[in-house]
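As structure tokens, the structure follows; a few thoughts come after it.
Derivation of every value follows stated rules applied to the coordinates shown; laboratory data play no part. These figures come from a predicted structure and were not determined experimentally. Neighbour counts run over all protein chains shown; Cβ positions are idealised from the backbone, glycine included.
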Amino acid sequence: RDPSIAKRPPSSNTVHQLLLTYTGYLQIETDVKSLKLKDLTATVNASPSGRDGVDALRTRGYWKMVKRDYAGAKADLVAAADLAKAAGGDVSGAELCEILVWIGFFNHVSYYLEGA
């Protein structure tokens, strides 16, 4: 068996099928379906920190996840988690945990198991 095949990440379709097994994913899909990337990016740029920044990055990350831009989704969610940690009490632990679950998902499907 070719060892390089084992390192290849799963296809976009496989990742999407896995996402469909998460109970919260379908709600995320519904919530972001009608949003536009241009508007989401403008909101991110207008909200560089604090709770508003976390919400903006998380929403754009979810939009990218639904559009199958998994690397972009992970980058936005990592940035949202970093802002949430810096925001302290402005962002609840439950909200941070939700973001971290999705980051863990993307780490897992990209075979970065130490980060998952």
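Calculate, in nm to one decimal, what Leu26 and Ala46 gain on full extension: separation in residues at 0.36 nm each, minus their alpha carbon distance.
Taking Leu26 through Ala46 to full extension adds about 4.4 nm, to one decimal.
Let's see if you can work this out: charge +1 on each Lys and Arg Cβ, -1 on each Asp and Glu Cβ, no other charges. What is the dipole magnitude of the chain about its Cα centre, in debye to the nearest 20?
Taking the Cα centre of the chain as origin, the dipole is about 460 debye.
Using only DSSP helix segments of four residues or longer, with each worth -39500 (n - 2.57), what per-residue ellipticity at 222 nm results for the chain after dividing by its residue count and rounding to 500?
It comes out at -23000 deg cm²/dmol, rounded to the nearest 500.
For the charge dipole of the chain, defined by +1 on Lys and Arg C-beta atoms and -1 on Asp and Glu C-beta atoms about the Cα centroid, which residue among Pro10, Thr43, Leu26 has the Cα displaced farthest towards the positive pole?
Pro10
In the chain, if every C-alpha pair distance is counted and binned at 10 Å from zero, what percent goes to each bin?
14, 44, 31, 9, 2, 0
In whole angstrom, note down how far apart the Cα centers of region 31-80 and region 84-108 are.
Cα centres, region 31-80 to region 84-108: 14 Å.
Using alpha-carbon pairs under 8 Å, 6+ residues apart, how would you state the relative contact order of the chain in percent?
Rounded, it is 23 percent for the chain.
From the phi angles alone, apply the Karplus equation (6.51, -1.76, 1.60; θ = phi - 60°) to region 70-79 and give each ³J(HN,Hα) in whole Hz, x where the residue is Gly or Pro.
Karplus values, whole Hz, x for Gly and Pro: 5, 5, x, 4, 4, 4, 5, 5, 5, 5.
When the convex hull of the C-alpha atoms of region 13-60 is computed, what volume per residue in Å³ does it have?
Expressed per residue, the convex hull around the Cα atoms of region 13-60 is 89 Å³.
With each label point set 7 Å from Cα along the Cα-Cβ vector, what nm distance links His16 and Ser110?
Once both label points are built, they end up 2.0 nm from each other.
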